[in-house]
Structure formats: C-alpha cells, structure tokens
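J.: The structure follows.
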Amino acid sequence: MMALSMHKEANNQMDAGKYVRYTPEQVEALERVYTECPKPSSLRRQQLIRECPILSNIEPKQIKVWFQNRRCREKQRKEASRLQTVNRKLSAMNKLLMEENDRLQKQVSHLVYENGYMKQQIHTASAATTTDNSCDSVVMSGQNQQQNPNQRPQRDANNPAGLLAVAQETLAEFLSKATGTAVDWVQMIGMKPGPDSIGIVAVSRNCSGIAARACGLVSLEPTKVAEILKDRLSWYRDCRCVDVLNIVPTGGGGTIELLYMQTYAPTTLAAARDFWTLRYTTSLEDGSLVICERSLNVSTGGPTGPAPTNFVRAEMLPSGFLIRPCEGGGSIIHIVDHVDLDVWSVPEVLRPLYESSKILAQKLTIAALQHVRQIAQESSGEIQYGGGRQPAVLRTFSQRLCRGFNDAVNGFVDDGWSLLGNDGVEDVTISVNSSPNKFLGSNYNSSMFPAFGGGVLCAKASMLLQNVPPALLVRFLREHRSEWADYGVDAYSAACLKSSPYAVPCARPGGFPSSQVILPLAPTVEHEEFLEVVRIEGHAFTPEDVALARDMYLLQLCSGIDENSIGACAQLVFAPIDESFADDALLLPSGFRIIPLDPKSDGPATSRTLDLASTLEVGSSNARAAGEGGDGYNLRSVLTIAFQFTFENHLRDNVAAMARQYVRSVVGSVQRVAMAIAPSRQGPQLGPKSLPGSPEAHALARWVCRSYRMHTGAELFRVDSTASDAILKQLWHHSDAIMCCSVKTTASPIFTFANQAGLDMLETTLVALQDIMLDKVLDEAGRKILCSEFSKIMQQGYAYLPAGICVSSMNRPVSYEQAIAWKVLNDDDANHCLAFMFINWSFV
C-alpha cells in the first residue's frame, strides 16, 4: 500500500509538472519579461523566480518551456499574418490580371474590327478601279473619320462651367487609356506581375506623342496614395517646380486646379520643358479616387498660362492616376502618362530621349509607383535603416542631391546663373552664381558664400559615348574614384564647409595617395538607387602635405549600376559633408549622369567617344554620321559632367581656370576608361563584362589550362569546341572564380587576369583589376597559409588551400570552400604567373 501511494504521488507530481496552469498575474509577469527579452538565459529565469514571488511555485524548467511556447506562438502569428498579406496581394493581383485580360480582349476585338474595315475599304477601292487620286481621297476620308471624334466644339473654358466641361472630358479620356483601349499598349520587357513585383508596366505603340501605363498594388489607403502622388516634387526628380495658380471647387468634394510646372533638362544640350495644365481630382461611384490632368491650349480653351521664358512648352495629353480601394486594405493604382515633348526642337542625336515611351515610363510612371511602394513599406516597418536616420530624412538627402545637380546642369538665369567667358575652346562651360538669396529656399545656404563676396561656380561638359554600358561605367567611377578624382580638388571642395577655405589647389603630378571606404545608408526598395557616405582617406608623404592629407566625407547617390534595374539613367552624384553629417547639412552636388539612347540599326562610329559639339545642329548630317559603321552593334549614351565649387570674388578667375582644367582631366580619364571597358565589336556580345579577345588573353587561357593539367593530372574543364577561342570562352564563363597574379619577388603580387566569376567576387572590372594586390584580398589566416605553401607551389607546381575568408575591393567578406593555387608556365616552360581558383565562393 505504501509503495502504491508513493507511486500515485509521484505520478501526480509528474502530471503537475507536465501540465501547469498559470494565473493571469503570472502570465502578466512573464509577458513583461518576454517583451524585454524573448529568450532569457538560465540565470535570468532563476532571477525572475526570485524577484517574482508569484512564480515561486513554478519550476525553472516549466518557465523555460513557457518561453519556448511563447516564441513559437509569436512565430506562428507572424507567419499567419504574412500569409494573409500575401493572400490579399495575390487576390488583388488576380483581379488586376483578370481586368487586364478583359482589356486585352477588347483591344483584340477592336483591332479585328479595324482590320476588317480596312480590308473592306481596300476591296471597295480596287473594285471601283478608281484613280490614284480617288484612292488618296478614300484614305483621307478614313483619316478624317478617325479625326472627327477628337474635334471639339467651340466653347468658353474661362469660367467654372467651361473648366468643368474640360475636366469631365479629361476624366473620360484618361479612364479610356487607364482601363480601356484608347491606346495600343505593349507590355515592357522584364516587367512580370506578382505579389512582390512593381506591377504591370506598358508603353504605347503608334500613338501621338509618347505614353506609358502602370498598374500596381500598395498597402496604403487611397486618400494617402492620392496625397503622395499629387506632391510631384517629392518623387519626380526632373520636376523643378509646381505652382498651383487657381483652385476651383466642384460638386462632390472634387477640385479643379490650374498648374504651371517646370521640368529640368537631362543634359546641357537641350532646353528645359514646362507645362500649363488643368488637374481634376474627384471620386467615382465605386469609391475610387481619380486625379487626371491635361494641358490647356488653343484647342481645349481655358485661361492662358505663364509665357515660357527659356523653356519649351510641352503638351500633356489626358493623363493621371486611378486609385481603387482593395478588399482587406490597400489600393490598386493605375497610372497613365501621355505627353508630347516637342521632339523637333532638340538636336537629332538627342531625340531618342524625347520620343521614347520607355524612357517616359522609367523616369515618370515607374518612379511614381516606386515612390508609393517605398513609403508603404517604410510605414509598415518592413524596411529598417541603420545609423538612426528616419526614412524621410534620407529621402530628402536624395532629393536635394538630385535637385542640386539638376540646378547645376541647367543653370537657370532666374536662379542667378550667368555664363563666364571661355578660353577659346568650348568643350567645358563655366557658369557662376553670385546671388545667394536665390538659393536660400533651394539647395544652398548663405554660409557657403564668404562675407566679403563670392559665389558658386559650375564647370560642366557633355559628350557622346559609343559602345559603353552606362551601368558598368558608373560602377567603375564609384568603386575607383582615385582613377579620375584629384585629392587636392576634393580637399578644396570640402573646404566650403569650413570658415576659412583653402587656397586654390595647384596641379600635382599623380596627386596625393588616397583610398575610399563606402558606408551604405539606404538602398531603395527596388535597389535601383543607393545613398551612401564615402570616407576618403588621405596620406601625406611630406610635412608640407599634412595640412591637405586628411580624411574627408562625401554624401553620394548612385543609381543605375545594376544592369537589371529599371532606372532611366546611370548616375553618380556626390557632395562634401563634414563629420557631424547633420540632417540639414549643406550640399553642393557634383557628379556624372549617363543616359542611354535607343540603339539604332546603323553601325557604330569609328570612335567610341565623341565630342557632342559636332552633332548639335538639328537635322545635320554630322549627327547621322555618328552612327555609320561596319556592324550592327551600336549602344550610344549621353554623358553629362558637372562640378561645383565655391569661390571668393578675388579668386574667381583662378577657381574658374582650375575647374576648367579639372573637368578636362576628368573627361580624359572617363574617355580612357570608356574605351577600355567598351565591349569588343568582334563576335557576339557577352554583356557588360565582355570576353577579352586579345591574342595575349587566348595564350594565357591556354597556359592556365595546360599548367593545371600538367601539375594536377586533371582537366580544368572539358573543351567541347574546336574553335580558336573555345578555351578562353569556357575559362571566362567558368562558375568558380579563377584569377592570375604576378610572381615578382620584389613587389606584392598584383592580379593580372580574372574570369567573370573572379571579377564578380572581387567586385571590380578588368580595367581596375591591376590596382588590386593579393595581400589586400586574403585575410591574415589566408596570407599565412599561402606563405607556408608557397615553396610547395613552386616545387610541386600546385597546392590545395583550405576554406577561408577573403575580401572584395569593396571590403565585403567572401567565403570559399576550397582554393587551388598552381604555377602557370608559358610555351617555354618558364614561370609566367600564379593562378588561383576559389571554389563555391559566396558573399558573407
């Protein structure tokens, strides 16, 4: 009996330990601790029992189990919430795709009807055996039938009733473009719909002007989305100003606004555009919000807008935003942009920038959708930025950098800019601004201008690049600043933040040695743009150089460096900042902008980089000659460079001479780099990191493979083709990182070749590869292992190196599972270089 009672008591204790019921007070105490520390240590749990008497009857093991269960419940809750969000997105996207399918079916029916009508007209004309003139009249009558619906009766749009009639007509035309078949839309390549995609993006085909359309989902309510989109200055980087000159209320809470908008020109070679428009905001019966807009001109009637001074008046055809509420929260956005930019007023070589619907989609339509998505994800807490900066502050920095660079490129007279005389050569334009009051509300600050007189000076130039991938060039300029920048000029630019500026820097052969460290701040959601701080580390060789050789900081905005990004241009804009980096830091931006032109069918020019001065005549034969060549590959882009400096009045001419000389040297550096990284025009193009095709590269590839087989007894890879470049192609496209470095005993080994995987691992280019030393790539453990194995490599011919960590040129750690080093022999069996293969590498 005693044994039975002891057994029951033990079972009761086990059951009590297995199933513990917590009182509300105990749960509240545990929840408080969970909020502070979801995974407390054993010591913390014991301390909790001592500090909370209400938990004294609970075993520490049971408290551990409670925290495990609590973490599991939290994880399940988050996962359920995530799945509900994905389900809502998929449901909304399914609805959007079904509507898009219906629209496409209507468009097909419309095209079939038009095709039948045209066949009937042709058959009637041929059967009647009419003359050519009568055929022309039939065609003209058909055109007139299509044009008649667009002809509007005369009306007085200078009063509220007339403006409302224009607004309602604009609304109807906009909705027919957003959800109907008024425009023949063609989906942009690479824009695949999905719950995490930017949306459905299409461009126009065969319509007046250029047009783009986008549909997407965001987790914001329609009223919030409308508020964001109406603030065009916050998301449209090319927008200089938007002035609301009149507001007319309409029934149902709607409004009609008369807007005057100015936009920046993308380069120094064309005039800026302005718009005089009517914007109508209203709601539909289904709860959707509509913001539609169109230009007011002679055909529409209405008040006359401000006279364009130094601007070309462009026309906005019915465009706008349709914002529909989504079940379960969020919104579905339809965006339509339709403009006529007066393409005939620009030089022929630049016309692709003004007649491309794809560029319009990238710069305006997609930019609006990306901005709303960015704010939506920031509001939901999906994006976490380091450094304690609020997302709105970081967005403001990006906007100020772009705006300041655009101001410098355009140099508007009403901002106080005026041209300075040149030195007889017109390759570099110098403009000055001595009116600080113009900038107090814009990008500059009066402290930039010395008390005894001074201003801001801008040196700028533009040129045409031939066969140069914009993303690759900007990536090189970002990663290898020392290849084109002068440390002394950087120091002078940074001096504008100090009370006593340095003297004008003199030209120094080679400049000061310096290096850069890039500190990321905030990439955007689509990763098409990066905001970062660059620390430039200077080193002095002599005592007199110590004053200049100091660390400096740049705030830098980089976009378009990803070949797969949707950005309209590749851009690198930077401005010196001080160490404090306050939210209201003064910014004087400089930088580069590369805008791709649509490739044409004619061949490349004989020179890969051309001065645009010879192609400025509108419709000139010189512009057409730029594309004449022997093959069909012709990738052209426009590069714009602008550098800004502060000056004191008595040093203005000296600063102007320095700036002109500096920009010319930068242009020369960019041209050298551009020619080096331009893809080879022989054979098929292999992308931005093109296959090196020199005889030396073919010989090196053959030596690398032959030496690997000779030393290890195995094949590096199987050669399936008998073509002369087969070995080089397979080496270039090998999945593992293969690179070669020098074996000089008097200097540190320097990389001389790397395949595409090797360049990706080192985050560099073939041009900049020679600047990277092996010692800087390997970590301390890797260097020790290589030193211990070096004699084995030289005697035996190869050695296997264990897994380790190395560092890319951007200071990013890279892990690899194994490395092989072998000695490369040339045709005379003499030592040529060392080869390394890093197997299964990845960024940590």
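J.: Calculate the spin-label point distance for Lys106 paired with Ser482, positioning each point 7 Å from the Cα along the beta-carbon direction, and give it in nanometres.
T.: In this crude label model, Ser482 to Lys106 measures out at 6.2 nm.
J.: Taking a threshold of 28 Å on the Cα-Cα distance, which of the pairs Lys224/Lys363; Lys177/Lys230; Lys230/Lys358; Lys729/Lys823; Lys39/Lys224; Lys119/Lys363 fall above it?
T.: Working: Lys224/Lys363 22 Å; Lys177/Lys230 20 Å; Lys230/Lys358 23 Å; Lys729/Lys823 21 Å; Lys39/Lys224 38 Å; Lys119/Lys363 39 Å.
Over 28 Å Cα-Cα: Lys39/Lys224; Lys119/Lys363.
J.: Around Gly454, which amide H atoms from residues at least 5 apart in sequence, or from another chain, sit under 5 Å from its own amide H, with H modelled in the peptide plane?
T.: For Gly454, the qualifying residues are Asn649.
J.: Give the ranking of Lys64, Lys75, Lys363 by solvent-accessible surface, highest area first, calculated with a 1.4 Å probe.
T.: Ranked from most to least accessible, the order is Lys75, Lys64, Lys363.
J.: Same structure again: What part of the accessible area of the range 195-261, given as a whole %, is carbon or sulfur when the probe is 1.4 angstrom?
T.: Working: 1360 of 2670 Å².
Carbon and sulfur together cover 51 percent of it.
J.: Could the peptides 754-762, 804-812, 45-53 be put in order, highest first, of the mean number of other beta-carbon atoms found within 10 Å of their residues? Let's see the in-between values first.
T.: Values: 754-762: 22.2, 804-812: 16.8, 45-53: 13.7.
Per-residue mean Cβ counts within 10 Å order the peptides as 754-762, 804-812, 45-53.
J.: So, one more: Carbon-plus-sulfur fraction of the accessible area of the range 738-844, 1.4 Å probe, in percent?
T.: Summing carbon and sulfur atoms, their accessible area is 51 percent of the total for the range 738-844.
J.: With every protein chain present, what accessible area does Trp235 have (1.4 Å probe, heavy atoms only), rounded to the nearest 10 Å²?
T.: 20 Å²
J.: OK, next. Residue by residue through the range 96-103, what is 3J(HN,Hα) from phi via Karplus (6.51 cos²θ - 1.76 cosθ + 1.60, θ = phi - 60°)? Round to whole Hz and write x for glycine and proline.
T.: Listing the rounded values in order: 5, 5, 5, 5, 5, 5, 4, 5 Hz.
J.: Can you give me the C-alpha center-to-center distance between the range 568-599 and the range 200-232, rounded to a whole angstrom?
T.: With the range 568-599 and the range 200-232 each reduced to a Cα centre, they are spaced 26 Å.
J.: If you stretched the chain out fully between Arg44 and Asp760, how much longer would it get, using 0.36 nm times the residue separation minus the C-alpha to C-alpha distance?
T.: Values: separation 716, 0.36 × 716 = 257.76 nm, distance 4.61 nm.
253.1 nm is the gain from fully extending Arg44 to Asp760.
J.: Heavy atoms only, probe 1.4 Å: what % of the accessible area of the range 301-424 goes to carbon and sulfur, would you let me know?
T.: Carbon plus sulfur share of accessible area: 50 percent.
J.: Another question, then. Please label the shape of the range 301-430 as rounded, prolate or oblate, based on the square roots a ≥ b ≥ c of the eigenvalues of the alpha-carbon gyration tensor (a/c under 1.5 means rounded; beyond that, a/b larger than b/c means prolate, else oblate). Can you show the working numbers first?
T.: Values: a/c = 2.37, a/b = 1.41, b/c = 1.69.
Verdict is oblate for the range 301-430.
The values are calculated or read from the model by the stated rules, or taken from the named source; none is laboratory data. Because the structure is predicted, anything quoted here is derived from the model rather than measured. As a convention, Cβ positions derive from the backbone with ideal geometry for all residues, glycine included, and neighbour counts pool all protein chains shown. For the accessible areas, the whole protein counts, side chains as well, though only heavy atoms, and no ligand, DNA or RNA atoms are used. Shrake-Rupley method; radii C 1.70, N 1.55, O 1.52, S 1.80 Å.
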